[in-house]
1. What is the gain in length, in nm to one decimal, between E125 and V30 on full extension, counting 0.36 nm per residue of separation less the C-alpha to C-alpha distance?
2. I need V93, V121 ordered by Cβ neighbour count within 10 Å, fewest first.
3. Under 1.5 on a/c is rounded, so check that first for the range 52-130, then, if it is not, pick prolate when a/b is larger than b/c and oblate when it is not; a ≥ b ≥ c are the square roots of the alpha carbon gyration tensor eigenvalues.
4. Count charges around F85 for me, please; just the other residues with Cβ under 11 Å from its Cβ, Lys/Arg as +1, Asp/Glu as -1.
5. Considering the zone a paramagnetic label at N76 would reach in this model (a point 7 Å from Cα along the Cα-to-Cβ line), which residues of the range 91-123 have amide N under 19 Å from it?
6. By the gyration tensor of its Cα atoms, with a ≥ b ≥ c the square roots of the eigenvalues, what is the shape of the range 86-137: rounded for a/c under 1.5, prolate for a/b over b/c, or oblate?
7. At most 15 other Cβ atoms within 10 Å and a DSSP loop assignment: could you name the GluC sites (Glu not before Pro) in the range 34-102 that fit?
8. Across the chain, where is the longest run that never hits trypsin sites (Lys or Arg not before Pro) in a DSSP loop with at most 16 other C-beta atoms within 10 Å?
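Values in this text are rule-based calculations from the coordinates and carry no lab data. Bear in mind that the values here come from a model prediction, so they are computed numbers and not experimental data. Glycine gets a Cβ as well: all are built from the backbone with ideal geometry, and neighbour counts include every protein chain shown.
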Amino acid sequence: MIDQLYRSVSGYLPDSVTPTMFAGSLVALVLLVPGALVGSLWWRRRQRNRFTYRFEIFWDKKLRPFCPTCRSPLSNWSQHSGWKFESQEGRTVRQPATYHAFDCPLCVKPVRLVDSDGYEVSLEEALAQLQAPVRED
Ligand SMILES: [Zn+2]
């Protein structure tokens, strides 16, 4: 089959191209084309799946939240209750407190949004900051 192909195109090829070289380059082409295809698909997938780490969780390109520990998608943004510790007259006092967090279905723990100063951030605020153009300061 390669012989037939070679004969039909040999008129267009330089004389230095032997049938063996032709067959070799054909095989290389056959291997290269799917390789390049798979490579470009992999690259596009990689670009799409690239995560941004902000507010102590991962975000994808579409600003969907992902767990910082296991990278599974987070959902169910809701109010949780816990405790906060306050200093009162030199004593540490435990006070009930509520906070908002995602639930990680795999880690089975609440995942909070925390800014770079350590303060809790609401989901609305986090999304607004993620959508805002990157400041360069
Ligand atoms: Zn997790």
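1. Details: separation 95, 0.36 × 95 = 34.20 nm, distance 5.19 nm.
Full extension from E125 to V30 adds 29.0 nm.
2. Details: V93 10, V121 20.
Sorted ascending by nearby Cβ count, the order is V93, V121.
3. Numbers: a/c = 2.55, a/b = 1.84, b/c = 1.39.
Because a/c hits 1.5 or more and a/b exceeds b/c, the range 52-130 counts as prolate.
4. Numbers: positive: K84, R91, R94; negative: E86.
Net local charge, F85 excluded: +2.
5. 98-113, 123
6. Working: a/c = 3.11, a/b = 1.48, b/c = 2.10.
Verdict is oblate for the range 86-137.
7. Details: sites: E56, E86, E89; in loops: E56, E89.
Loop-located and lightly packed - E56, E89.
8. Details: sites that count: R50, K61, K62, R71, R112, R135.
Longest run free of exposed loop sites: 1-49.
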